[in-house]
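Novice: Below is one structure. I have some questions about it.
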Amino acid sequence: MKIVPFVHEGLGNSSYLVELEKGQALLVDPDRSVQRYLKAAEARGWAITHVFESHLHADFVSGALDIRAATGAELFVPAAATVRFPHRAVEAGDAVPVAGGTITTIASPGHTPEHTSYVLRAEGMPPALFSGGSLLVGGAARTDLISPEMTDRLTRSQFRTITRAFADLPNETLLLPTHGGGSFCSAGSCGERTSTLGQERATNPLLKFGSEEEFAAWFPTTFPAAPAYFFRMRPVNQEGARLRSQIPQPPALEPAEFDQLRPRALVIDARPQAEFMAGHIPGSMSNAFRDAFATWLGWLVPGGRELLFVLGEEPLERVLDECLLVGYERFAGVLAGGMSAWTGAGLATSWAGLTDAAGARRLLLEGAVALDVREPNEFADGHIPGARHIPLGELERRADELPRDRPILTTCGHGERSATALSILERLGFGPLTNLGGGFEGWQAAALKVER
Ligand SMILES: [Fe+2]
C-alpha cells in the first residue's frame, strides 16, 4: 500500500491519499484544492472510495464534498462534529472495513472537542495513525481555537490524548498528522511532517511533561497569533462548503468595467511586491502570490468580501484555489491585460517607494519611521534599531499609533508582508510610504546595526 502525502506549505498542513486493495483508495483531511487528489488517484488508477475527516477544520475549507461529488466516495466525519450534510458519523472505537484492511477510530479531543484520529491496519505494513491535530511531529496542535472559555479544558484533553489515547499502538506505528511545521494551527513542531510513534515517544518534548497541571499552565503560552479567518471556518465546514462547480469564475474585465466595480469589491493585487510599488490601482491590497497568500488574505480581508484581481504571471486558477481554500467565493473579475492595460487606459494609478537596506538607512537618518510588521517572536529575534512594531494582522486596528507627519518605511522578513502593510497604510491615508525590499534579511546581509 502506498501513502501519498499532499502538503500545503503556506498552511503547514498535510492530507493523505492512501492506496487500498482492489484499486481503491482513501483520503484523509482533504482541502478544497481537490484536483490534485483526483489527478494523483487517476494517474495511479485508484478510485477514491472513502474520505475521513479528523475534525472541523479552522484553517481551511474542507474538500470532502467536492471529492464525493467527483467520485461518489463515502464521507466519514466524527459524530460530535454534527455536520449538516449527509455523511457516515463515526464514534470512538468504530471499525470501518476498507479494501484490504480496517480503519478504527480513536477519540482524541483537545485541538477541538470532536477531534478523532484514525488507525489503518492492513496486511504487510505497520499501523498508520492519522492523528489530525492531536499528536504532531515534535508537538501537538493548539487548543485555543474554539473559545477562550474552552481553552483550559481542551488543553487538558489534549494532554490526555497525546499521553494516553495511542498507548496501545506499537512504536513502529506511522504517525501521519494533518497539521505540521509552519502551521498557525500547531505549536512547537519541527520541520519533518511524518514520524513514528516510537520516534515521538523518544523525542517529542510534549510527552515529557510530568503532570497535566504543568502542561495546562504552559502549553497555551506557546501558541502563535490566530489568523482572523480561523474563527469563520468551523461553521462553514459544519454546514458543508459549496461545490466548486457552483461557484462562478471571475470574468475578465476591461479596465473601465473593472473600475466601475471598485466601490463594491476589494482589489487584490497578487503580483510581486516590486511590481506593486512601481504602479498599482489606488486602494488595492498588495498580497503577492506565494505560500502565505491564503493565510494573509484570510487574516486581513473580511469574510464574504467580493474580490477583484490584478495578476501578472500568477495563474488565475491557483489564485482562485487559494481564495476558495480560506472561504472567499465571490469573484467580481480579473483585470484583462493586467496593470499595463489599466495605465494604458489612463486610469488613476498610485506608486510607492521601494528601497534596499542602504536606502532604508538613509531614509531613517532623514527622519522616516520604520514599521516592522512581523510576528512578535521574529521582532524579538532582532530588528532595525528604533523600529515600531505592529504585527500585520493588527495593523488596520492599530494604525493610529503611527505618525501622519513623517515618511514611513515598511519592513518584514523579505518584503512581502510589508508590501501588504504599505497598501493598507496607503488606503488609510498615510504617506509617503516606502517598502524595504528584501526586508530584515537584506538589512542583516548589509551588516547594518540590529537591535534586540
Ligand atoms: Fe486543525
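Novice: Over its Cα atoms, what ratio of radius of gyration to 2.2 N^0.38 Å does region 111-241 give?
Specialist: Working it through for region 111-241, the quotient is 1.04.
Novice: Sticking with this one: Report the normalised scattering of region 247-344 as log10 I(q)/I(0) at q = 0.19, 0.22, 0.24, 0.25 Å⁻¹, calculated by the Debye formula with identical scatterers on the alpha carbons.
Specialist: Debye intensities relative to I(0), on a log10 scale: -0.85, -1.19, -1.45, -1.59.
Novice: Write down the percent of antiparallel bridges among all DSSP beta bridges whose residues are both part of the chain, to the nearest 5.
Specialist: Among the beta bridges of the chain, antiparallel pairing accounts for roughly 50 percent.
Novice: Here's something else I'd like to know. Among Leu135, Leu261, what is the fewest-to-most ranking by other Cβ atoms within 10 Å?
Specialist: Final ranking by Cβ density, sparse to dense: Leu261, Leu135.
Novice: Now, a different point. When the helix-only estimate is applied to the chain (DSSP H runs of n ≥ 4, each -39,500 (n - 2.57), divided by the residue count), what is the mean residue ellipticity at 222 nm, nearest 500 deg cm²/dmol?
Specialist: Here the helix-only value at 222 nm equals -7500 deg cm²/dmol.
Novice: Rounded, prolate or oblate: pick one for region 265-308, where a ≥ b ≥ c are the square roots of the eigenvalues of its C-alpha gyration tensor, a/c under 1.5 means rounded, and failing that, prolate if a/b is larger than b/c, else oblate. Spell out each step's value before the answer.
Specialist: Working: a/c = 2.74, a/b = 1.28, b/c = 2.13.
Oblate is the answer for region 265-308, as a/c is 1.5 or above yet b/c matches or exceeds a/b.
Novice: Now, a different point. Can you list the lysines whose alpha carbon is less than 28 Å from that of Lys2, not counting same-chain residues fewer than 8 positions off?
Specialist: Qualifying lysines at Cα under 28 Å: Lys22, Lys39.
Novice: Also: Report Rg (one decimal) and Dmax (nearest whole number) for the chain, counting Cα atoms only, units Å.
Specialist: So, for the chain, Rg and Dmax equal 23.5, 71 Å respectively.
Novice: For region 293-354, what class follows from the C-alpha gyration tensor (a ≥ b ≥ c being the square roots of its eigenvalues): rounded when a/c is under 1.5, otherwise prolate if a/b is larger than b/c, else oblate?
Specialist: Values: a/c = 2.00, a/b = 1.69, b/c = 1.19.
It comes out prolate by the Cα gyration axes.
Novice: While we're looking at this one, here's another question. Note down the relative contact order for the chain as a percent, whole number, built from C-alpha pairs under 8 angstrom at least six residues apart.
Specialist: 12
Novice: Output needed: percent of Cα pairs per 5 Å distance bin for region 3-238, bins running from 0 to the one holding the longest distance.
Specialist: 1, 7, 15, 20, 21, 17, 11, 5, 2, 0, 0
Novice: Assign one of three labels to region 22-65, namely rounded, prolate or oblate, based on the Cα gyration tensor with a ≥ b ≥ c the square roots of its eigenvalues; rounded applies when a/c is under 1.5, prolate when it is not and a/b is larger than b/c, and oblate otherwise. Don't skip to the end; give the middle numbers.
Specialist: On the way: a/c = 3.67, a/b = 1.77, b/c = 2.08.
Here region 22-65 falls in the oblate category.
We did not get these values from a lab; they are worked out from the coordinates using the rules stated. Just so it is clear, the structure is predicted and the values come from calculations on it, not from any experiment. Quick reminder, even Gly has a Cβ in these numbers, built from the backbone with ideal geometry, and neighbours come from all protein chains shown.
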